[in-house]
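The values are calculated or read from the model by the stated rules, or taken from the named source; none is laboratory data. It should be emphasised that the depicted structure is a prediction, and the values quoted were computed from it without experimental measurement. Neighbour counts run over all protein chains shown; Cβ positions are idealised from the backbone, glycine included.
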Amino acid sequence: MSLTIERDTLIKKWLKEAENMINESVNNELEIETKSDRSDFVTNMDRNIEEMLVKKIRAEYPNDKIVSEEGFGDDPTNIDMSEDTVWFLDPIDGTMNFVVQDENYCVMLAIYEKNVGIQSYILDVKKEKLYWAIKGKGVYCNDELLPKIKNASLRDGLFASNTKFLSDEIVGLNTEILKETLGIRNIGSAGLEAVEIAKGNTVLYITYGLNAWDIAPGIMMVQESGGTVKRFDEKPLNPLEKSALLMGTHAAVEDALQIIKNK
Ligand code: IPD
Ligand code: CA
Ligand code: CA
């Protein structure tokens with residue numbers, strides 16, 4: 001069995017455990033704390049799932065590096081993206097939705113080898129849909145291979161932006177882009193926004209300086225769906241470097257880059 005298939009089998013088993021942990025927790029009171037500000041939630045489930053997954057990754061692949069949100073992973077300053085095999089882990093992406101809506105959140109994991117995305121997993125717990133991709137094999141939803149996305153332009157599609165949409169420094173740019181599109185959609189989970197592109201539901205998702213665990217799974221999945229991901233400054237991608245990103249169809253990303261350059 002190849003290393004990729006071996007990891008794929010294990011990851012799907014581990015994600016099932018994460019899903020069970022979340023589903024079994026519905027009867028228990030969620031412990032909710034805030035981190036950087038009053039809307040930056042973390043719960044006991046975020047921590048428990050990350051701890052469980054990190055333990056499993058370390059037991060099977062002790063030489064690999066882990067970048068994760070809640071502190072159980074490695075220090076990113078000791079990671080060399082050009083050499084290491086790196087697991088990016090977001091135990092719950094969309095914690096705000098998890099707490100407030102009880103839907104629209106996901107568990108995400110991606111593996112990069114020498115800065116190339118090899119595997120990506122985005123589990124929509126509530127809808128019981130696991131989106132997953134292996135480099136060169138396309139994107140699947142559970143057992144079904146999704147068709148490659150069409151190369152729709154900004155004019156012919158919907159776009160999404162992360163929650164800083166209305167902040168002073170970017171509202172002007174987002175408005176310019178919005179004018180070109182058919183409209184805006186916003187879920188509040190970077191992972192599920194990437195899934196929307198991979199499904200062909202939106203043509204562009206803009207993120208402004210998200211963390212590596214927020215974007216690494218989505219980047220790999222969008223690329224594998226037939227789309228592309230570019231930095232605003234068009235420098236090479238490195239999930240560990242925080243930067244503004246455009247994820248989407250090739251045409252829509254180019255359209256947005258033109259708007260950015262003309263601004
Ligand atoms: C958040 C979500 C959200 C994005 C935030 C992220 P979290 O992740 O992906 O869509 O706008 O900036 O922090 O904190 O729920 O894992
Ligand atoms: Ca996240
Ligand atoms: Ca998270």
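Worth a mention:
- Which numbered condition MET221 misses (of (1) at pLDDT below 95; (2) within 16 Å of ligand 1 (Cβ to nearest atom)): (1)
- Residues that are basic (Lys, Arg), under 20 Å from ASN238 (Cα atoms) and over 12 Å from the mean Cα position of the chain (by Cα) do occur in region 104-122.
- The single residue among LEU237, LEU257 that is assigned to a helix (DSSP H, G or I), touching a residue at least 12 places away in the same chain (Cβ under 8 Å) and on the phi < 0 side of the Ramachandran plot turns out to be LEU257.
- Sole residue being basic (Lys, Arg), exposed (fewer than 15 other Cβ atoms within 10 Å of the Cβ) and within 16 Å of ligand 1 (Cβ to nearest atom), chosen from LYS13, LYS35: LYS35
- Scan of region 129-150 for residues that are on the phi > 0 side of the Ramachandran plot and of a type in the set (Gly, Ala, Ser), ordered by number: GLY136, GLY138
- One residue alone among THR85, THR43, THR77 is more than 26 Å from VAL139 (Cβ to Cβ), out of contact with any Cys (no Cβ under 6 Å at 6 or more places or on another chain) and more than 16 Å from ligand 1 (Cβ to nearest atom), and that residue is THR77.
- One residue alone among ASN48, ASN28 is more than 26 Å from ILE134 (Cβ to Cβ), surrounded by fewer than 19 Cβ atoms within 10 Å (Cβ to Cβ) and modelled with pLDDT under 95, and that residue is ASN28.
For (1) within 15 Å of ligand 2 (Cβ to nearest atom); (2) within 12 Å of TRP213 (Cβ to Cβ), each residue gets a yes or a no:
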| position | (1), (2) |
| --- | --- |
| SER25 | no, no |
| ASN28 | no, no |
| ARG38 | no, no |
| THR43 | yes, no |
| ASP75 | no, no |
| VAL86 | no, yes |
| PRO91 | yes, yes |
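- Count of residues meeting criterion [surrounded by fewer than 24 Cβ atoms within 10 Å (Cβ to Cβ) and either in a loop (DSSP other than H, G, I, E, B) or within 16 Å of ligand 3 (Cβ to nearest atom) (or both)] in region 197-211: 6
- Within region 191-221, the set of residues being among the small types (Gly, Ala, Ser), touching a residue at least 60 places away in the same chain (Cβ under 8 Å) and more than 13 Å from ligand 2 (Cβ to nearest atom) comprises just one member, ALA198.
- Members of region 46-73 found to be within 16 Å of ligand 2 (Cβ to nearest atom) and among the hydroxyl-bearing types (Ser, Thr, Tyr), listed by number: SER68
- Pairing residues of region 45-68 that are part of a helix (DSSP H, G or I) with residues that are of a type in the set (D, E, K, R) and within 16 Å of ligand 1 (Cβ to nearest atom), at Cβ distances under 6 Å and at least 6 apart in sequence or on separate chains, gives ASP46/GLU70; ARG47/GLU70; GLU50/GLU70.
- Residues that are in a strand (DSSP E or B) and within 14 Å of ligand 3 (Cβ to nearest atom) within region 91-147 comprise PRO91, ILE92, ASP93, CYS106, VAL107, MET108, LEU109, ALA110, ILE122, LEU123, listed in sequence order.
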